[in-house]
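*Asks:* This is the structure, below, for whatever I ask next.
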Amino acid sequence: MKSISIKINGEPLALDVEEHWTLLYLLREHLALTGTKEGCGRGECGACTVIVDGKPINSCLVLAPEVDGCEITTIEGEMRNGRLSPLQEAFIEMGAIQCGFCTPGMVMSARALLMRNPDPSEDEIVEAICGNLCRCTGYEPIIRAIREAAKRERNHER
Amino acid sequence: MATFKYLRCHSLDEAIDLLATHARQARILAGGTDLLVSIRDGLESPRYLIDIKPIAELHTLALEDGLLRIGASVTVNQLIDFEHLPAGMDAITEAASCLASYQIRNRATVGGNICNASPACDLGPPLLVLGAKVETISKRGRRTIPIEDFFEDVKVTRLEPDEIVTAILIPSPRGGVSTFLKRSRIKGHDLAVVNAAGAVTKDGNLRMAFGAVAPTPILVDDFNGARLDDTARIVDVLMNAISPIDDVRASAVYRKYMVEALAKKILETLMNRLQG
C-alpha cells in the first residue's frame, strides 16, 4: 500500500492505494466515480480519458501511486452547480451521443482541448479526439458539438 | 494486473542504486504507455517498477552548444511544443506529431519510445537520420551510444540491465534538412505499417531510415554516391537493406512497395526543402 494525496474534481483527498492499481481502477472501484469507462484497457480507445494536471491521459495506463500530488478531473467534475456544462449540452443537442460509452472520455478530451485552446479549428478538434474511438456516430456530430460548445463558452455562457 | 512494488525515485543516484540492486527483476517506468500494456498482457512480470519521472534532470529539454538535449522523461507532446527546435529537425516533430494519440503523447516519453525498441517505433527513423546519440548512466559511470548501435533486435536494446537512458542528444543539422512519413492502416491513432525518415546535409549527404521493415529501425547512409534525384538507384539500395515480414498489419510485399513509395516522396520533400 502507498499513501497518496490527490485533488479529485476540486476535493482534496488522502487515501491508501495498492501499488499495482491503475488510476482507472481507483476511480471506478474505490471512489465510485463510474462515469469514467474501461474500454480496451490498453490505451487504444480513450474511453477512460481523464484530465490530470490539465492534460488528458488514458487512466488505464497510469498507476494510482503515480498521481500522488496531482489534480484530477473526471466527467463527474464537468457539471457546475448542478447544471450540465455547455459542452455536455451541445453533445446532447447535436446527437453526439448514441450508445454513450465513449462519451465521458470524449467530453474529457474536448474539455482539455478547450482549456488549452478556446477556439479550436476542425483539424485541432480531430487531433484532440484522435485517441477516442466512437463506433456509433461517425464523429461528425461530435466535432460539431465541440465547435458549438467552444463558441458558446467563448460567449461567456459558462 | 500482476502485482509489483512501485518505487518512486527523486534522484539519479537513487535510481541507479535501485536498478543495480534489483537489475533483472526491475523495469524502469517512464510514461508507462508500453510497459503497463505488456505487464497487463502478461508478457513481462517485473517485481519492481522504478519510476524515474520525479527526477528533475531527466526533464531537461534545451539547446546546448548546438546540441539538442532531450531528457529521457520529456514527453512526446513536450517535444512537439518545444519552441527552440533548430531548423532542419522537421523529421523529429513530424514523427512525434503522428505518434499514437494526444492522450498517449502526454505520457509517452522520448526515452521510453526508443527503450521499448519496437521495430515500428516512430522516433527511431528520425533519430537515426539526424545522427542522435543516447546518453546513459549506471553505477559504472556514464556513456553515450550512437543511436544506430542502440537497437539490437525486436524490443531489445544494447542497454545493460543496470543502465538507464538519461537523454537523447541531437546535433544541429546546420543547413541540412529532414522529413518523416508514416504509412498506417488508418489515418488516426495506429502503429506504422512502414515509417520512414530522410535527411540531407548541406553538402548533399543523404541518410534514410525505415521502421517496421526489419527487426529494428534501420539506417541506410551509403548510396554508392547516388545523386538525390537518382531515385531508381536509391530505391535499389533500400531494397537490399530491408527485410520485411508478413504480419497482422501488412504483408512483406506491401511493405516493400511502401518503402519505395515513401522513399520517393521523402526524396522529393528533401529536394524541395533544400531549395526552400
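Since every read-out is calculated from the coordinates, none of them should be taken as a lab result. The structure displayed is predicted, hence computed values, not measured ones. No Cβ is skipped: glycine too gets one built from the backbone with ideal geometry, and neighbour counts run over all protein chains shown.
*Asks:* For region B:9-23, give me each residue that is within 14 Å of chain A (Cβ to nearest Cβ) and surrounded by fewer than 18 Cβ atoms within 10 Å (Cβ to Cβ).
*Replies:* Taking region B:9-23 and keeping what is within 14 Å of chain A (Cβ to nearest Cβ), we get B:9-10.
Listed by number, the list holds a single entry, B:His10.
To keep it simple, each residue is scored yes or no on (1) within 8 Å of chain B (Cβ to nearest Cβ); (2) on the phi < 0 side of the Ramachandran plot; (3) surrounded by 18 or more Cβ atoms within 10 Å (Cβ to Cβ); (4) touching a residue at least 40 places away in the same chain (Cβ under 8 Å).
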| residue | (1), (2), (3), (4) |
| --- | --- |
| A:Gly10 | no, no, no, yes |
| A:Val17 | no, yes, yes, yes |
| A:Thr22 | yes, yes, yes, yes |
| A:Leu33 | no, yes, yes, yes |
| A:Lys37 | no, yes, yes, yes |
| A:Gly46 | yes, no, yes, yes |
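*Asks:* Here's something else I'd like to know. Looking at region B:95-118, which of its residues are more than 12 Å from chain A (Cβ to nearest Cβ) and not in a loop (DSSP other than H, G, I, E, B)?
*Replies:* If we filter region B:95-118 for residues that are more than 12 Å from chain A (Cβ to nearest Cβ), which is where we start, we get B:95-96, B:109-111, B:113-118.
Answer for region B:95-118, where residues must be more than 12 Å from chain A (Cβ to nearest Cβ) and not in a loop (DSSP other than H, G, I, E, B): B:Ala95, B:Ala96, B:Thr109, B:Val110, B:Gly111, B:Asn113, B:Ile114, B:Cys115, B:Asn116.
*Asks:* What residue, of B:Arg185, B:Arg174, is surrounded by fewer than 16 Cβ atoms within 10 Å (Cβ to Cβ), farther than 26 Å from B:Tyr102 by Cα and of a type outside the set (A, V, I, L, M, F, W, C)? Write out each step before concluding.
*Replies:* Numbers: B:Arg185 fails: farther than 26 Å from B:Tyr102 by Cα.
So the residue among B:Arg185, B:Arg174 that is surrounded by fewer than 16 Cβ atoms within 10 Å (Cβ to Cβ), farther than 26 Å from B:Tyr102 by Cα and of a type outside the set (A, V, I, L, M, F, W, C) is B:Arg174.
*Asks:* Cβ-Cβ distance below 6 Å, separation of 6 or more or different chains: which pairs start in region A:55-78 with a residue that is closer than 19 Å to B:Tyr102 by Cβ and within 14 Å of another protein chain (Cβ to nearest Cβ) and end on one that is of a type in the set (Phe, Trp, Tyr) and not in a strand (DSSP E or B)?
*Replies:* Listed by first residue and then by second, the contacts come to nothing, as the list is empty.
This table checks each residue for (1) within 14 Å of chain A (Cβ to nearest Cβ); (2) within 25 Å of B:Ser38 (Cβ to Cβ).
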position	(1), (2)
B:Asp81	yes, no
B:Ala87	no, no
B:Ala120	no, yes
B:Pro125	no, yes
B:Val129	no, no
B:Val134	no, yes
B:Leu169	no, no
B:Gly175	no, no
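*Asks:* Then there's this: Condition first: in contact (Cβ under 8 Å) with a residue 60 or more places away in the chain and not hydroxyl-bearing (Ser, Thr, Tyr). Now tell me which residues in region A:79-107 satisfy that.
*Replies:* The initial filter retains those residues of region A:79-107 that are in contact (Cβ under 8 Å) with a residue 60 or more places away in the chain, namely A:80, A:85-87, A:89-90, A:101-102, A:104-106.
A:Arg80, A:Pro86, A:Leu87, A:Glu89, A:Ala90, A:Phe101, A:Cys102, A:Pro104, A:Gly105, A:Met106, listed by residue number.
*Asks:* Inside region A:28-72, can you point out the residues that are more than 15 Å from the chain's Cα centre (by Cα) and among the aliphatic types (A, V, I, L, M)?
*Replies:* If the condition is that a residue be more than 15 Å from the chain's Cα centre (by Cα) and among the aliphatic types (A, V, I, L, M), then A:Leu31, A:Ala32, A:Leu63, A:Ala64, A:Val67 are the ones that fit.
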